[in-house]
1. Kindly evaluate B:G60 against the criterion of being within 10 Å of the chain's Cα centre (by Cα) and surrounded by 11 or more Cβ atoms within 10 Å (Cβ to Cβ).
2. For segment A:112-138, enumerate the residues that are more than 14 Å from the chain's Cα centre (by Cα) and facing chain B (nearest Cβ under 9 Å).
3. So A:E46 clears everything in (1) within 14 Å of chain B (Cβ to nearest Cβ); (2) part of a helix (DSSP H, G or I); (3) farther than 23 Å from B:H125 by Cα except one condition, right? Which one?
4. Any residue in segment A:71-92 that is of a type in the set (D, E), within 14 Å of chain B (Cβ to nearest Cβ) and more than 17 Å from A:L38 (Cβ to Cβ)?
5. Looking only at residues that are closer than 10 Å to A:V50 by Cα and of a type in the set (A, V, I, L, M, F, W, C) in segment A:105-121, which one is surrounded by the fewest Cβ atoms within 10 Å (Cβ to Cβ)?
6. Can you pull out every residue in segment A:81-138 that is in a loop (DSSP other than H, G, I, E, B), aliphatic (A, V, I, L, M) and out of contact with any Asp or Glu (no Cβ under 7 Å at 6 or more places or on another chain)?
7. Keeping to segment B:78-131, report how many residues are out of contact with any Leu (no Cβ under 7 Å at 6 or more places or on another chain) and aromatic (F, W, Y).
8. Looking only at segment A:49-68, which residues are closer than 30 Å to A:M25 by Cβ and assigned to a helix (DSSP H, G or I)?
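The values are calculated or read from the model by the stated rules, or taken from the named source; none is laboratory data. Everything quoted here is computed from the prediction, not taken from an experiment. We place every Cβ from the backbone using ideal geometry, glycine too, and count neighbours over all the protein chains shown.
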Amino acid sequence: MAQLYASMQGGPTVIRNMGAVTRSMGDRVADGLRAAGLALQRASQELAPVEYGNLKASAYTRSTGRGFDTVVEVGYTASYALYVHEKVGMVLQGQARQPSPPHMGRYWDPQGRAQAKFLETPSRTMHPQMIAIIRRIANIT
Amino acid sequence: MSSPADILYTLLEDLDSFQTWTAFVSYMPDTPDKAICIYDTTGVKDGRLMLNGAVIEHPGIQIALRSLDYTEGQAKMAALASVLDGVRNNTVAMGSDEIYSLTNVSRTGTINYLGIEIVNDRRRHLFTVNAILTLSQS
């Protein structure tokens, strides 16, 4: 009877390296998610109405968790952000803000490009771009 | 081609969902205090069918409601949200030659309370709910 004996060396090293690759991939995905979040924040701030700049400046991108479990949140902390975001009627668009003073400029300025749904709109229209950012940074082909 | 907000308005009217409330599409005048308005909003573009290149879109809508009484407004908005959740393959006729099939209304969130709007010393509570439609013309 023939017997064959074989031994494998370096198994733990291979497993450890596989773990390292997985961790590295998770970190890159997390970086990609954060970058996509910042891109969304930037696009959203372009659409946010500005009077004194409080709403626009209150935009934030925050990430929690690590690796593949990373959750990125984009939002606004201004107390009236939800009200402005949901005011899709925009009936006062282009009219002077009242009372003036203290208010200045026109509703939904600057340059008439601000709008309600200033966060939801880019989150939908920029979906392919955000996926591309994540893929590029995570090096996913 | 009717707007998605118009189509949803017609469906809700057919279902007698507005009852004693005055409802509008796309523009809400200053009066009455007890009012509902349906707006068209950003929807979702899913892509194209490989078979024929048809673009698949899910239009977005918002239902906005205002009321002098918070409890009444909240209850009405909850009732409307419940009607939206129950939509399933409903047929909407916008005219004899314009028939739509509203397959589904998918709310994108819960009821938003926007706070109080003060117009001529009348303090009106504002609520909104947002949704995405699955809609096709028959």
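1. Details: within 10 Å of the chain's Cα centre (by Cα): yes; surrounded by 11 or more Cβ atoms within 10 Å (Cβ to Cβ): yes.
So B:G60 fits the description; yes.
2. A:A116, A:K117
3. Exception for A:E46: condition (1).
4. So in segment A:71-92, the residues of a type in the set (D, E) come out as A:73, A:86.
Still in the list and also within 14 Å of chain B (Cβ to nearest Cβ): A:86.
Remaining after also requiring more than 17 Å from A:L38 (Cβ to Cβ): A:86.
Scanning segment A:71-92, I find at least one residue that is of a type in the set (D, E), within 14 Å of chain B (Cβ to nearest Cβ) and more than 17 Å from A:L38 (Cβ to Cβ), so the answer is yes.
5. Step by step, filter segment A:105-121, then rank; the result is A:A114.
6. Within segment A:81-138, the first condition is being in a loop (DSSP other than H, G, I, E, B), and the residues that meet it are A:87-95, A:97-105, A:107-119, A:126.
Narrowing further to those that are aliphatic (A, V, I, L, M): A:88, A:90-92, A:104, A:114, A:116, A:119, A:126.
Selection gives A:V88, A:M90, A:V91, A:L92, A:A114, A:L119, A:M126.
7. The qualifying residues number 1.
8. Filtering segment A:49-68 for residues closer than 30 Å to A:M25 by Cβ gives A:59-68.
Once the filter is applied, which keeps residues that are closer than 30 Å to A:M25 by Cβ and assigned to a helix (DSSP H, G or I), segment A:49-68 yields A:G67, A:F68.
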